[in-house]
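The values are calculated or read from the model by the stated rules, or taken from the named source; none is laboratory data. Model, not experiment: these values are computed from the prediction. When we count neighbours, we look across all protein chains shown, and the Cβ atoms used for this are built from the backbone with ideal geometry, even at glycine. Ligands, DNA and RNA are excluded from the accessible area calculation, which covers all protein heavy atoms including side chains. Shrake-Rupley method; radii C 1.70, N 1.55, O 1.52, S 1.80 Å.
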Amino acid sequence: MALVFHYFLLILVFQDTHAVQPFCLQGCTCSEESFGRTLQCMSISLGNIPENLPEELKQVRIEHSPIFELSRGPFVNMSTLEYLWLNFNNITVIHLGALEHLPELRELRLQGNKLRSVPWTAFRATPFLRVLDLKGNRIDILPELALQFLANLTYLDLSSNRLTVVSKNVFLNWPSYQKCQQLHCGAKILSSMVLALDNNPWVCDCRLRGLVQFVKSNSLPVILVNSYLICQDPVYKAGQLLHEIKLSVCMKPQVSTPSANITVQVGQNVTLQCLAQASPSPTISWNYPLSIWRKFNVLTSSTAEDAVLSQLIIPAAHLVDSGNYTCVASNFIGRSTLVISLHIQPAQVLPASHSLSISREGNSYIDLRVVKQTVHGILLEWFAVANISEEWFTLYITSDEALRKEVVHIGPGINTYAVDNLLPGTKYEACLSLGSRPPHEGRCVVFVTGRDGGRLEDRERLLHISVVLCVLLLAVPVGAYVWTAEGPCSCRKWGPHCCPHPRRALRPPPAVPQCKDRSFRDHPAVCEDGEGHRHTKGNEEKEDDSG
């Protein structure tokens, strides 16, 4: 009887023990380790960390799951958690209060996630944290006070991230380092402070000088997991070891030029030079009054490790190009400017036997361009400088379909004109000149409208070809494209691939040969569209039959 009663008590105890066993998350495993109860979830579909985890857990390990954030909800009642391993998930965000209910946390491992930044102040709530593993993320910035709340941290892994520049103050502000310096412990605790910084794209310029000195320090109380840190930029230092290079002190740009006062005659080529010395290497830009309208090529080259030469090239200088050109060199330390004065002298009139005058426009300058499309056409805009106080303009517009030019007189103060009612498949030319001067003494633009295809896909195909092959483009409702030109036009230089064939059904036979007007001669072409404006063979035969 006593034996039966004994077995009955054992069954009751077993049932009672089994009843109080905490629930384990489905798809995961729970086990008892030497340090306490562990939850392990590997390769299961979890969008978030579950909020109904057992309170007595000491370790939570969730890996290879699509978790995208570390929020505060799951850990509200888990104050005894000591180990949180969330490696190889898709975590991109750590909320500021995610760790505030984990005062006993000893290890936080987030290797192989997608973190770009870390809320470092969140570690104020984890004073006993010893291990922080952030390897294999996308962190590119490390603030100087990042480690200020990690008083007991002895292992930090930031390898395989996107760090380019890190200040040595990050580690000088590390409480463990400061404590060691105060106690003069030197190499006595080398093994207790471990740092991993390898496999980052280090930019080895003056900004990394402090870190290099820190790494080279003989009294460094921190051991590097891999001391072979490799430079990636600048190019001339790529592949070098961080502890073997010498870096200069950071310096604000200093700019100079061979000549700050340049005088040339109109029509000559001019090159303005600006040499900037700085550390790190500076960026250089140019400012001048007509920068919106007059675009010039800029060549930049490195003449030394910390020196950059910028050249502004002005081809065939015009009187309007006279003025001050400002070179601006800047880096993160500061910026410096240099002003170069350019003076353009008018061309001298040569004898008749040397009739190669550079310009007949005197002191005037016109820049005409197409700025946008309108509902039924395009909008022209121009910039002009003249030697008269109140200039007025004449706009000449001609096309393949018109027997005569359209002439528009425009008063002072106006710099735009809308060209409406464009015909499809037609070449247009607009020339603007001062006063009543003929069009060849002004500025011209040429634009050709696409065929008025009945199918939308034909029109889109035409526009795509224009985008690929033309220099300056515009999509108007009938599928037009545009390019600018320096002078008058001649269809003879276009060739059959760019000059659209006239449509005979839309106009009577011309009384004079096409493009006979000498005011539209020698127009350089830049478009090579060989498909969008070529009539089909069938259409040509029909036109021949109708003729």
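Quote to one decimal, in nm, the extra length available between Ser71 and Trp293 on full extension: 0.36 nm per residue of separation minus the C-alpha distance between them.
On the way: separation 222, 0.36 × 222 = 79.92 nm, distance 5.32 nm.
Stretched fully, the Ser71-Trp293 segment lengthens by 74.6 nm.
When the accessible area of segment 15-147 is split by element with a 1.4 Å probe, what percent falls to carbon and sulfur?
49 percent
Please sort by residue number the trypsin sites (Lys or Arg not before Pro) in segment 224-310 whose DSSP state is loop and whose Cβ has at most 10 other Cβ atoms within 10 Å.
Sites meeting the loop and neighbour criteria: Lys246, Lys295.
Accessible area, 1.4 Å probe, largest first: how do Leu247, Leu84 sort?
The ordering from most to least exposed comes out as Leu247, Leu84.
Residues in segment 282-305, backbone N under 15 Å from the label point at Thr271 (7 Å along the Cα-to-beta-carbon vector): list them, ranges by number please.
Only 297-303 fall inside the zone, counting backbone N under 15 Å.
Quick check on packing: order 60-66, 156-162, 340-346 by the mean number of other C-beta atoms within 10 Å, highest mean leading.
The densest-packed peptide leads the list: 156-162, 60-66, 340-346.
Provide the gained length on full extension for the span Asp233 to Val203, in nm with one decimal, where the gain is 0.36 nm per separating residue minus the Cα-Cα distance. Don't skip to the end; give the middle numbers.
Values: separation 30, 0.36 × 30 = 10.80 nm, distance 0.45 nm.
Extending this stretch completely gives an extra 10.3 nm.
Measuring from label point to label point, each 7 Å out along Cα→Cβ, what is the Ile44 to Val93 span in nm?
2.5 nm
Compute the FRET efficiency between Trp120 and Val339 as 1/(1 + (r/R0)^6), taking r as their Cβ-Cβ distance and R0 = 51 Å, and round to the nearest 0.05. Working shown, then result.
Working: r = 45 Å, r/R0 = 0.88.
After rounding to 0.05, the efficiency reads 0.70.
At 1.4 Å probe size, with no ligands or nucleic acids counted, give the accessible surface of Glu429 in Å², nearest ten.
Rounded to the nearest 10, that gives 10 Å².
How many Å² of accessible area per residue for segment 251-345, probe 1.4 Å?
Ligands and nucleic acids excluded, the result is 48 Å² per residue.
Please give the net charge around Ala276, taking every other residue with its beta carbon less than 14 angstrom from that of Ala276, where Lys and Arg add +1 and Asp and Glu add -1.
On the way: positive: Lys252, Arg335; negative: Glu305, Asp306.
Once positives and negatives cancel, what remains is 0.
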